[in-house]
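The structure appears below as structure tokens.
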Amino acid sequence: MDERLLNAASPRVSALAAGRGGLSGLGRSSCGPRRPGCWPIQGAWRSLLDAGGDGFRRWFCLLLGVWLGWADGAVAATAGQVEVVAGTFERQPGVPVMVSGFRMDRTEIPIELWEQVRDWANARGYDLPAGDSFGAGHPVHSIHWFDAVKWCNARSEREGIAPAYHLDDGGQQVYRSGLAYPVAATWREGYRLPTEAEWEKAARGGVANRLYPWGTDSISPAEANFNDSGSNGTVPVGSYAPNPFGLHDMAGNVIEWCWDWHGALPQAGAVDPVGGAQGEYRVMRGGGWRSVARSCEVSFRDHLVNPLNAYRSLGFRTVRSAPPAWLSGAIHSYANPSNALAGVSVRWVSGATLREATTGMDGRYRIDGLGGGAFTLTPVLETDTLPANGVTTADITLLRRHILGLAPLDSAHKVLAGDVNGSSSVTTADITLIRRLILGLSTNFSGGLWRFVPSDEVFTNAMSPWSARRSRSYTSMPAVATGHDFKAIKLGDVNGSWKAPATSGASTGRAKSRSKASLEVGAGREVGAGVRVHEVRLKGVRVLTSMQFTLAWDPAEAVYEGVEAGALKDLGLEHVGTGRSGQGLVTVSWDPANGVGRDLAGEAVVLGLRLRSKPGRTQSRLTVPESPTVLEVTEASVPVGVGVVCWQAGEWAAVGAAKAVVGLEGEARLRVMGPDGDGQVVLEVEAGEGQAVGVEWSADLRSWTPVREGVGLGSGSPVRMDVRGQAASGARFWRVQVLDR
């Protein structure tokens with residue numbers, strides 16, 4: 001049993017237990033070169049060891065060695081990496097340098113690890129050479145800088161980590177072979193060589209103004225394997241006591257490659273310096289078994305070695321950027337990155353642990369005090385004091401045209417904005433809910449007013465984006481703390497007109513009118529005892545596609561009685577919000593049912609508001625206030641679809657309209673002319689003088705095919721088209737487009 005255990009122990013423990021210059025030394029005041037845990041043992045402990053005999057001494061020394069980390073069973077304690085927290089250190093007196101947190105190998109890379117990674121890598125396109133060493137457990141040596149860099153990439157890929165070094169700025173071509181200089185080094189996840197600043201910060205172990213890693217200004221063979229040790233080679237990694245950070249052999253054994261080109265030291269206040277962009281020599285640090293004491297100092301940097309050189313005293317260790325203990329990002333409108341969203345709660349959830357932060361006026365957030373493990377980031381905005389900010393009747397028009405197939409929405413974000421009821425579809429039910437919000441009949445949607453998606457979300461189908469993520473999910477803390485951004489979608493805001501209240505001018509934060517139109521309200525005409533109708537006239541609009549406004553009066557003078565339709569014959573109760581009429585406010589929101597527009601010929605009375613005077617009071621002129629609904633008028637733009645007609649079951653019908661003649665008077669018109677007496681299925685296209693028009697047909701309102709027969713520059717004379725062939729081949733819908741106005 002003793003021999004088996006001793007065979008599992010390190011050579012130092014075995015020698016100690018056997019009394020070869022070790023155990024006998026435990027009873028002396030000095031035991032030669034001081035190694036970790038080797039100190040004088042006298043008095044009662046000496047008597048106990050002497051009385052116990054050889055067997056007891058073997059067991060005692062074995063247990064002592066395991067406790068001190070000498071036995072191979074404790075080698076795992078020196079494996080892995082040590083966390084070096086972010087902070088400053090002085091490379092020269094009065095010259096502080098800031099270094100972000102990172103993780104460094106506890107020891108230099110041993111030959112066994114080099115070979116394991118090399119064998120894996122060379123079967124996958126790498127060209128790493130066989131390693132060289134002085135024995136088992138010793139550090140690999142005679143590795144030039146390029147092979148060390150490639151080995152870092154191989155170690156990363158072997159562990160499923162994104163490699164650090166690439167041959168292109170885009171980070172697509174991983175450096176695996178050859179001697180080409182890596183043109184890009186990412187400081188994120190992968191294993192890499194330490195920067196010179198990282199190496200020195202780690203070597204100092206948090207102790208300032210001292211020459212050597214153990215915090216003193218002297219070095220001896222008891223503390224490092226260097227020229228005075230007489231070893232004539234390396235010793236196994238981890239053979240000497242670690243520095244205060246837990247790092248072994250930061251002085252001596254093998255000199256260690258760093259990333260930087262050799263050049264001038266960074267100035268005071270530098271943050272994460274990485275050396276120059278080019279040079280002749282790569283930095284090496286730490287001294288080796290052949291180095292003099294001066295070369296082992298933590299600040300020594302005068303090794304001038306070409307990166308292609310490889311020596312028996314030259315090796316390396318790797319680092320990884322430490323995952324941050326915080327995360328940050330920004331939330332802004334999907335339509336305009338300059339429109340930041342304040343007041344959003346961003347929640348970090350890992351298991352049962354919750355951390356959260358709120359976005360500021362610039363839309364940015366930062367969450368501190370985070371730990372490792374899997375987690376999610378989820379933005380939440382539960383209240384919005386301006387529910388109709390960005391949501392207008394123009395959005396309803398866009399949704400209606402999308403539903404009818406006249407003009408499908410052109411982005412996934414717009415489609416998501418249109419699904420206000422969360423049904424994973426865009427329907428007329430969404431239009432109804434949006435109009436209720438505009439009219440002041442509601443202040444929220446069932447799923448809230450906002451939806452958030454990660455800013456890097458990729459939509460495979462813009463017309464069906466329902467599976468888009470609402471959170472960011474991570475398996476562990478990422479190496480990069482910044483850039484965890486989201487895009488904010490105001491539900492109902494299909495055209496992206498939402499603006500942050502602080503930058504929108506009015507306190508309401510609403511969108512401005514999209515037209516040069518003017519709205520005038522007359523003094524009112526008497527229609528009965530105490531009853532007056534105040535006509536609302538819209539000027540400067542030819543083709544009206546949407547309109548919204550609020551009319552206001554003094555509620556002490558009159559009470560609301562109703563609305564009379566003017567040029568907008570289809571204006572109904574669903575377009576009028578009377579919930580605030582007791583406050584002297586009525587809101588109107590109208591858009592055409594056919595999704596096209598209404599020709600007003602430049603000026604028209606769009607409606608009349610009927611009010612009854614209170615006893616003894618006289619009605620004053622009505623006003624159009626900025627609140628609670630901004631005046632918004634939108635006009636048709638080129639090209640404009642002029643109606644859609646449908647041939648179904650042998651009859652013509654207008655889609656979304658009450659009659660089969662659909663069009664814009666004086667611009668272009670699509671008129672049903674058949675079947676005529678000859679049994680022809682005929683459409684008539686009429687365009688204003690000098691107008692260019694085009695006719696298209698569709699079987700499903702989604703895909704449209706141009707119709708070329710007889711359609712060219714309009715001259716005011718109608719052009720008749722025989723569409724029997726198209727109808728027979730599956731065409732069901734026709735529309736005319738004004739191509740030039």
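Restricting SER239, SER328, SER299, SER338 to those that are in a loop (DSSP other than H, G, I, E, B) and more than 21 Å from ASP105 (Cα to Cα) reduces the list to SER338.
Condition (residue is farther than 24 Å from GLN548 by Cα, part of a strand (DSSP E or B) and either at pLDDT 95 or above or among the basic types (Lys, Arg) (or both)) applied to the stretch 390-412: is it met by at least one residue? Within the stretch 390-412 (the criterion being farther than 24 Å from GLN548 by Cα, part of a strand (DSSP E or B) and either at pLDDT 95 or above or among the basic types (Lys, Arg) (or both)), the answer is no, since none of the residues qualifies.
Taken together, the residues in the stretch 254-288 that are over 13 Å from LEU304 (Cα atoms) and either among the charged types (D, E, K, R) or within 31 Å of the chain's Cα centre (by Cα) (or both) amount to 10. When SER345, SER328 are checked against the criterion of being closer than 24 Å to GLY448 by Cα and not β-branched (Val, Ile, Thr), a single residue qualifies: SER345.
If the condition is being of a type in the set (S, T, N, Q), out of contact with any Gly (no Cβ under 8 Å at 6 or more places or on another chain) and closer than 19 Å to GLY87 by Cα, then the stretch 242-297 contributes only GLN267.
Okay, residues lined up against (1) buried (at least 23 other Cβ atoms within 10 Å of the Cβ); (2) within 18 Å of ILE143 (Cα to Cα); (3) of a type outside the set (Asp, Glu):
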position: ALA162; (1), (2), (3): no, no, yes
position: HIS166; (1), (2), (3): no, no, yes
position: GLY171; (1), (2), (3): no, no, yes
position: LEU179; (1), (2), (3): no, yes, yes
position: TYR212; (1), (2), (3): yes, no, yes
position: SER218; (1), (2), (3): no, no, yes
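Among the residues in the stretch 121-134, are any assigned to a loop (DSSP other than H, G, I, E, B), in contact with a His (Cβ under 8 Å, 6 or more places away or on another chain) and modelled with pLDDT of 95 or more? Scanning the stretch 121-134, I find at least one residue that is assigned to a loop (DSSP other than H, G, I, E, B), in contact with a His (Cβ under 8 Å, 6 or more places away or on another chain) and modelled with pLDDT of 95 or more, so the answer is yes.
For first residues located in the stretch 469-488 and in the same structural domain as GLU356 (by TED's automatic domain parsing), partners that are among the hydroxyl-bearing types (Ser, Thr, Tyr) and assigned to a loop (DSSP other than H, G, I, E, B) and lie 6+ apart or on another chain with Cβ distances below 7 Å form the pairs ASP485/SER455; PHE486/SER455; LYS487/TYR334; LYS487/SER455; ALA488/TYR334.
Quick one: is PHE89 under 30 Å from MET477 (Cα atoms) and part of a strand (DSSP E or B)? When the stated conditions are applied, PHE89 passes them. The residue list THR545, THR550 contains one member that is modelled with pLDDT under 90 and part of a strand (DSSP E or B), which is THR545.
Quick one: is ASP599 among the charged types (D, E, K, R), within 24 Å of GLU635 (Cβ to Cβ) and at pLDDT 85 or above? Before the answer, list the steps.
Working: among the charged types (D, E, K, R): yes; within 24 Å of GLU635 (Cβ to Cβ): yes; at pLDDT 85 or above: no.
Criteria not met by ASP599.
The values are calculated or read from the model by the stated rules, or taken from the named source; none is laboratory data. Since we're looking at a predicted model, the values are computed, not measured. Counting neighbours? That spans all protein chains shown, and the Cβs are built from the backbone with ideal geometry, glycine included.
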